[in-house]
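Novice: First the structure, which I've put down as structure tokens, then a few questions once you've had a look.
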Amino acid sequence: MTKKIPKIWKFFSKKFQYIVIISLGYNCGFRPSPLQKDPIPGPQIPAFDSVPNSGEYFSEIKKIPTGFYIRQVYLNHSNKKEMLISQLTVSESKNWEETRFEGKLDLDESGKFFRFRPRLCRMFTSKNPGDRWTLTRAYECDHFEFLIWKSGPEDIRLTPGPEGEEEGILLKKSKSSSISQISAIILKTDSNITSIWGIRLSRVRKGAKAILEKQDGRKTELNTLKTVETTGEVKTERSSHAEPGDMILYTNPGEARPLAL
């Protein structure tokens, strides 16, 4: 004899099926493509002084089990309205790997922050600092969108992060840098030779003056050994106490032109 199921149970059973189907659809592929979605909503920022200044900004150096990685933003809205995001990863397995997001800046309608949709992404690799980069991959990436706004006197916030970090990342520029200088960051020190990295190091000219700026603001003049593309080396004395995360500021002889790649 077949047992009858009460109508109320049939009702809840069907309703539960609909909930499961809708939940699976939302989490397993029914979301719109990034190419089709509307621009991501802007952040809640104060109405005053929220557009970041042109300059070169660096994130913290983050350790990974086999090495470390760091990000840099080059932002120029004084004339060309251009931007470049670069991520350097150093590990035993991949050696040195750099990924660059390149494109133009657009000021949001609110006038409070910038939107950045890169037109081209490229990946490079090299075995050691000081080697020339080898292009390994280039691809279109205009389906990405980043928001950039000023979050402090020398800070900017980039949302999302290059690896999809929803909370974004914080980047800082040197306290004393100007648009006529070239910035780099110390990655590691070995004896009296210090390895540095910066998007615009290829613009360093012979006879450039190099200043070490520590995170507490102290400054020391250094001797430049070499710069190759985005990596370089400087000679540091033990008395300077150079550490990873400190900044190097270059001033080319007679250089007074505005920021440019």
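The values are calculated or read from the model by the stated rules, or taken from the named source; none is laboratory data. Small disclaimer: the values here were computed from a predicted structure and weren't measured. We place every Cβ from the backbone using ideal geometry, glycine too, and count neighbours over all the protein chains shown. We work out accessible area using only protein heavy atoms, side chains counted, and drop any ligands, DNA or RNA first. Shrake-Rupley method; radii C 1.70, N 1.55, O 1.52, S 1.80 Å.
Novice: Take the conditions open to solvent by 20 Å² or more (accessible area, probe 1.4 Å), part of a loop (DSSP other than H, G, I, E, B) and among the aliphatic types (A, V, I, L, M) and apply them to I211. Does it pass?
Specialist: no
Novice: Looking at the range 129-143, is at least one residue open to solvent by 70 Å² or more (accessible area, probe 1.4 Å), without any contact (Cβ under 8 Å) to a residue 60 or more places away in the chain, of a type in the set (V, I, T) and closer than 23 Å to W197 by Cα?
Specialist: yes
Novice: Among residues belonging to the range 191-208 that are open to solvent by 20 Å² or more (accessible area, probe 1.4 Å) and among the charged types (D, E, K, R), point out the one that is farthest from G254 (Cα to Cα).
Specialist: R203
Novice: Would you check which residues across the range 116-128 are crowded, with 17+ Cβ neighbours inside 10 Å and either closer than 14 Å to E145 by Cβ or small (G, A, S) (or both) and list them?
Specialist: Hits for the range 116-128 are F116, R117, P118, C121, S126.
Novice: Out of (1) within 17 Å of Y57 (Cβ to Cβ); (2) at pLDDT below 90, the odd one out for I199 is which?
Specialist: (2)
Novice: Follow-up question, since we're still on this one. Only residues that are at pLDDT 85 or above, closer than 15 Å to T189 by Cβ and of a type in the set (S, T, Y): list them for the range 213-244, please.
Specialist: Hits for the range 213-244 are T220, T231.
Novice: Here's a follow-up. Can you give me the number of residues within the range 153-183 that are under 30 Å from N252 (Cα atoms), polar (S, T, N, Q) and touching a Gly at 6+ places or on another chain (Cβ under 7 Å)?
Specialist: 2
Novice: If we scan the range 86-101, do we find a residue that is under 25 Å from P153 (Cβ atoms) and modelled with pLDDT of 85 or more?
Specialist: Filtering the range 86-101 down to residues under 25 Å from P153 (Cβ atoms) leaves 86-87.
Checking which are modelled with pLDDT of 85 or more leaves us with 86-87.
Yes - at least one qualifying residue is present in the range 86-101.
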